[in-house]
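To start, the structure itself, in structure tokens.
Just so it is clear, none of the values below were taken in a lab; they were calculated from the coordinates. In this text, all values refer to a predicted model and were calculated from it rather than measured experimentally. As a convention, Cβ positions derive from the backbone with ideal geometry for all residues, glycine included, and neighbour counts pool all protein chains shown.
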There are 4 protein chains.
Amino acid sequence: MLSIQRLELAEARVLIEGAARHAREIGVPMCIAVTDESGNLIAFERMDGGKVTSVTVAQDKAFTAAAARKATHEYNQACTPGNLVFGIHTALGGRISVVGGGLPVEVGGAVVGGIGISSGTPQQDMACAQAGIDHLHRSLG
Amino acid sequence: MLSIQRLELAEARVLIEGAARHAREIGVPMCIAVTDESGNLIAFERMDGGKVTSVTVAQDKAFTAAAARKATHEYNQACTPGNLVFGIHTALGGRISVVGGGLPVEVGGAVVGGIGISSGTPQQDMACAQAGIDHLHRSLG
Amino acid sequence: MLSIQRLELAEARVLIEGAARHAREIGVPMCIAVTDESGNLIAFERMDGGKVTSVTVAQDKAFTAAAARKATHEYNQACTPGNLVFGIHTALGGRISVVGGGLPVEVGGAVVGGIGISSGTPQQDMACAQAGIDHLHRSLG
Amino acid sequence: MLSIQRLELAEARVLIEGAARHAREIGVPMCIAVTDESGNLIAFERMDGGKVTSVTVAQDKAFTAAAARKATHEYNQACTPGNLVFGIHTALGGRISVVGGGLPVEVGGAVVGGIGISSGTPQQDMACAQAGIDHLHRSLG
């Protein structure tokens, strides 16, 4: 039997809180999704003004980062025509996202979940995702 | 020009809080989804122990209730073979849900969003959805 | 942080072995799927002569049983027109299966995976799924 | 009437065994899928630690390699903007995979199945797929 570590809801809220705080600082209302280590959604918030398309994109970024244990911007950099990874962006009906803004959440060396942000530029999305992770790590002490 | 009344994130959180409180009282960890009046997700929480299948089902119930402005259990009662509504449950690739547990959220006579609950029996899901709405109405005074 | 118990591959093979043995006894080549507790596939075998449609149906049964923590034949009995559960069979694009033959796999009181069988009658499928679970429990001592 | 040569389950297991052995040698837990000549799944194993996204990607690679009778990395090299093959990666709802790691399985000059590997780099996936095929050819003498 395998023993798996997984984010709980209270920790998912901390991730969202940290990401939302950064989003407010830069003035971009975001969609923020947090999944467990298998890519299944734990919590989601669309800040007032967040984009409708981002509802799904944020979830797909979090899913990809958690379930593939890889940041979506790393997939993005490898997913260029002629590279053998190219085409991964259309897998799973497009549910795999290679747009920057999805990060795996690691605690104690294991991926325990994923966070995905959407509505800003990929750089803004990535910064908010990282802010969420930083906030979680601070809260875990 | 139309002027649309729509739940804000703070109000979506109140809906979730009221639903989750009832879920704890009956001892059933739920997936709780809140959408805006167009059926697009505003907030979601999977309580620790909520079911994986309910992640999507709760969202589809909230979507249906808001976007069709009808409780999913009302669709359920009409969705019987021979009734002209029958078949609605497979529309939109099955995204329309006729399983009890999705309620439109009405404020001031207008549907401003939807709430969908999943992981318990339909009766338990419906009670949690109603508890969320009651909590919102109390908070609005 | 939540700590989750999950079937490992060696245990999934034991489940398949037990189910396949019963399938040979009754002379029906089966498709046999085993998922983890979140519904994600761990192992699959189509016995020579198993049906093509059953490749997906077996996986969907295992997914449903694990992720909803409920036997698919229990959903089947509740999923009748007029019952508030009716419509669940078309959720998740039809990936939720209410056809008999999917069982949650419980060890130590927790659902650690699911097994789904398809190619025979639902009764035959259910018997093979149970045979797999019995074989696992014997192997765990 | 056509007479079709098709992998049997025992041969699919040999393919998986050879691929898994190489995966252990390089220390990367893989998802390994084997389909028949029509692209329908015969057997699948997710090694402990294999990625959730790879459950589907491995199956899609095997499907593509068998059903299109072409290695997925060959599609990848042709699937560049401006080339008339470009766009094939989004066909069948993205089920066609152009990511390296899917190989047709040929015996006696005919494609009798496909093998698809996912969780490593495309190069690692390709090496495991080839190791599976080499193992099968050795076992067939």
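Shielding of peptide C:42-52 by partners, expressed as the average count of other chain Cβ atoms within 10 Å per residue Cβ, is 6. Each Lys and Arg contributes +1 and each Asp and Glu -1, all at the Cβ; summed about the Cα centre of chain C, the dipole is approximately 180 debye. Qualifying chymotrypsin sites (Phe, Trp or Tyr not before Pro) in the range B:42-110, where qualification requires a DSSP coil assignment and no more than 16 other C-beta atoms within 10 Å, comprise B:F86.
Scanning residues 5 or more positions from C:A68 or on other chains, those with amide H under 5 Å from its amide H are B:T53, with H placed 1.01 Å from N in the peptide plane. Across peptide B:81-93, the mean count of Cβ atoms from other chains lying within 10 Å of each residue's own Cβ comes to 2.
Counting charges near D:V98 (Lys, Arg +1; Asp, Glu -1) among other residues having Cβ under 15 Å from its Cβ returns a value of +1. What is the distance in Å between the Cα centroid of the range B:36-53 and that of the range B:54-95? Spelled out, the Cα-based centre of one part sits 16 Å from the other. A Gaussian network model of chain C, with springs between Cα atoms under 10 Å, assigns the largest mean-square fluctuation among C:S118, C:S97, C:S38 to C:S38.
Comparing C:V107, A:P29, C:A67 along the charge dipole axis of the protein assembly as shown, the residue lying farthest to the positive side is A:P29, per the Cβ-charge model.
Dipole magnitude for the range A:3-49: computed about the Cα centre from +1 point charges on Lys and Arg Cβ and -1 point charges on Asp and Glu Cβ, it is near 100 debye. Each helix, a run of at least 4 DSSP H residues, gives -39500 (n - 2.57); summed and divided by the residues of chain B, these come to -14000 deg cm²/dmol at 222 nm.
Remark: label point of D:S38 defined 7 Å out from Cα along the Cα-Cβ vector; separations to the same position in other copies 3.0, 3.3, 4.4 nm, ascending.
With a sphere of radius 12 Å drawn around the Cβ of D:V107, what net charge do the other residues whose Cβ falls strictly inside it have (Lys, Arg +1; Asp, Glu -1)? Overall, the nearby charge balance is -3. Under 5 Å from the amide H of A:I42 lie the amide H atoms of A:V34, A:T35, A:D36, each residue being 5 or more positions distant or on a separate chain, with H modelled from the backbone and absent for Pro and chain starts. Short-range pairs are left out: with C-alpha atoms under 8 Å and at least six residues apart, the relative contact order of chain A is 30 percent.
Using only side-chain charges placed at the Cβ, +1 for Lys and Arg and -1 for Asp and Glu, the dipole size of the protein assembly as shown relative to its Cα centre rounds to 420 debye.
Taking the convex hull of the alpha carbon positions in the range B:9-140 and averaging its projected area over all directions gives 7.5 nm².
Taking the square roots of 5 times each eigenvalue of the Cα gyration tensor of the protein assembly as shown, largest first, gives ellipsoid semi-axes of 39, 28, 22 Å.
Backbone phi angles across the range C:100-108, fed through the Karplus curve with coefficients 6.51, -1.76 and 1.60 (θ = phi - 60°), yield HN-Hα couplings of x, x, x, 10, x, 9, 10, 9, x Hz in residue order; Gly and Pro are listed as x. Here the chain A residue lying nearest the rotation axis onto D, judged by its C-beta and given with the distance in whole angstrom, is A:T90, 3.
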